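Beneath this line is the structure, given in structure tokens, with notes to follow.
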Amino acid sequence: MATPVHHPIKRLGTLPATAICGNDITSSCFYVSALAVSYAGQYAFISLILVALVLFFFRKIYGEAVGALPLNGGAYNILLNTTSKGNASLAACLTILSYVATAVISATTGMNYLHSIFPHFSVIVATMVLLTIFLLLTIAGISESSVVATAIFLVNLAAISVLLLSAIYYIIVNGIDIGMVNFRTPVNRSLGNALFLGFSMGMLGVTGFETSANFVEEQKPGVFPKTLKNMWILVMIINPAIALLGVMTMPIGEISNYEDAFLSFLGRKTAGNWLALVISIDAAIVLSGAVLTAFIGVSGLMKRMTLDRIFPQALLKENNRGSSPRILFLFYLLCLSILF
């Protein structure tokens, strides 16, 4: 029977730990805001604020539960200690499928953004290359992965900040006439129904919040609750702000027409083609960062499940960087099976 060999690893501080899971959450702004507007119209920002409020209460519960049992696995560990092993395993397997979907969709969407700028390459081949790169990066160790994740995270926050400031400046210069027209326009359904549908779309944007608990053992003491707080702040500010500023700068119908590249179009509208190009490149980069989040999250979860003898013990074999190549390669094959 194979047993894990424990190697000393560098524990993660607040910024790199937040960056690993934050890339997934911040990448949601590239699609969630436009989806919420398409369902909730001019009131989409309210739906997205409601999402943040739900997350506020959830992070308190999640932080206390994982803090009492600080082991990789997150929700799996909580269910394992409160229900049956079968229920916990089922939830964990669904989480793994969620990570597969996150990795493949994020990689494909990121390469589609890049393809819109540089059309002379195959999206499928580029997606496979991207998945391979992040497989090798996570095999190299979480410390090395966190450096890349932090760089992506900071670049994305800078790009989103520029976009928000440019939209605010555009409104100051051009006035709020478009926004007034939008807010006078009745929604296609009842307000309650619109807010509910917008809220449902907004919940898509909190995927990644659970990832921090899946590598809590690699974080320094006291870092985990800070990652939850930081991710909540990002969700509370970015998505509602983008939805509100979008409604204040362009007609509702235009937002729906440019749903696939809403932020890029918002950048073109408020500052010109240069910002649209920056946002498109940033989208490709941060969506790639969400792929890294999936690899790191699934590694911690599957390692914990293997220790509980749910998966074959051979998967526990580690390299001298403290990562489990067999687990990562298995996840990589699952991603390729979905891709093709």
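Ranked by the mean number of other Cβ atoms within 10 Å per residue, highest first, peptides 67-79, 310-322 order as 67-79, 310-322.
Solvent-accessible area of the chain (1.4 angstrom probe, protein heavy atoms only): carbon and sulfur portion equals 69 percent.
Could you sort out which of LYS60/LYS220; LYS85/LYS303; LYS10/LYS303; LYS85/LYS220 sit more than 21 Å apart by Cα distance in this structure?
Working: LYS60/LYS220 19 Å; LYS85/LYS303 16 Å; LYS10/LYS303 18 Å; LYS85/LYS220 28 Å.
Pairs exceeding 21 Å: LYS85/LYS220.
Apply the a/c threshold of 1.5 to the C-alpha gyration tensor of the range 116-177 and tell me whether it is rounded, prolate or oblate.
oblate
When only the Cβ of Lys, Arg, Asp and Glu is charged (+1, +1, -1, -1), the dipole of the chain relative to its Cα centre reaches about 620 debye. The aspartates and glutamates whose alpha-carbon is closer than 16 Å to the alpha-carbon of LYS226, local same-chain residues fewer than 8 away aside, are GLU64, GLU210, GLU217, GLU218. Evaluated on the range 202-277, the Kirkwood hydrodynamic radius is 14.7 Å, with distances taken between all distinct Cα atoms.
Considering only TYR170, LEU69, VAL155, and ranking their Cα positions along the charge dipole of the chain that arises from unit charges at the beta-carbon of Lys, Arg, Asp and Glu, the one farthest toward the positive end is LEU69.
Which of the peptides 12-20, 58-66, 210-218 is most tightly packed, and how do the rest follow, going by the mean number of other Cβ atoms within 10 Å of each residue?
Going from most to least packed, we get 210-218, 12-20, 58-66.
Taking the average, over residues, of other Cβ atoms within 10 Å as the packing measure, peptides 170-177, 293-300, 98-105 rank 293-300, 98-105, 170-177 from highest down. Quarter the surface of the alpha carbon convex hull of the range 26-99 and you get the mean projected area, 6.3 square nanometres.
Taking a probe of 1.4 Å, how large is the accessible area per residue of the chain, in Å²?
On a per-residue basis, the chain sits at 43 Å².
Close amide H partners of GLN219, meaning residues 5 or more places away or on another chain with modelled amide H under 5 Å apart, are LEU12. Averaging Cα coordinates gives a centre for the range 270-310 and one for the range 202-264; these two points are 13 Å apart. Each listed q (0.08, 0.12, 0.14 Å⁻¹) maps to a log10 I(q)/I(0) for the chain from the Debye sum over equal C-alpha point scatterers, namely -0.39, -0.84, -1.10. Think of the chain as a dipole: +1 on every Lys or Arg Cβ, -1 on every Asp or Glu Cβ, centred on the Cα centre; then among VAL291, THR132, PRO16, PRO16 lies furthest on the positive end. Taken over the range 185-339, the ratio of Cα radius of gyration to 2.2 N^0.38 Å equals 1.36. When a/c is below 1.5 the answer is rounded, else prolate if a/b is larger than b/c, else oblate, so apply that to the range 136-205 with a ≥ b ≥ c taken from the square roots of the Cα gyration tensor eigenvalues. Oblate shape, in that a/c is at least 1.5 and b/c is the bigger or equal ratio.
When the Cα gyration tensor is reduced to axis lengths a ≥ b ≥ c, the ratio a/c is 1.5 or higher for the range 32-181, and with a/b not above b/c it is classed as oblate. Just to confirm the number: angle between the C-alpha axis of helix 44-68 and the first principal axis of the chain, 0 to 90 degrees, nearest 10? So the helix axis and the longest Cα principal axis differ by about 20 degrees. Once backbone amide H atoms are built at 1.01 Å from N, GLY73 has ASN214, PHE215, VAL216 as its partners under 5 Å, excluding neighbours fewer than 5 places away on the same chain. Dipole orientation for the chain: of the candidates LEU191, GLN219, PHE56, GLN219 has the Cα lying most toward the positive pole (charges on Cβ; Lys, Arg +1; Asp, Glu -1). Volume per residue for the range 257-340 equals 136 cubic angstrom (convex hull of Cα atoms).
The values are calculated or read from the model by the stated rules, or taken from the named source; none is laboratory data. Owing to the predicted nature of the structure, the values given are computational and were not obtained by experimental measurement. Don't worry about glycine lacking a Cβ; one is built from the backbone with ideal geometry, like all the others, and counts go over all protein chains shown. Surface accessibility is based on the protein's heavy atoms, side chains included, excluding ligands, DNA and RNA. Shrake-Rupley method; radii C 1.70, N 1.55, O 1.52, S 1.80 Å.
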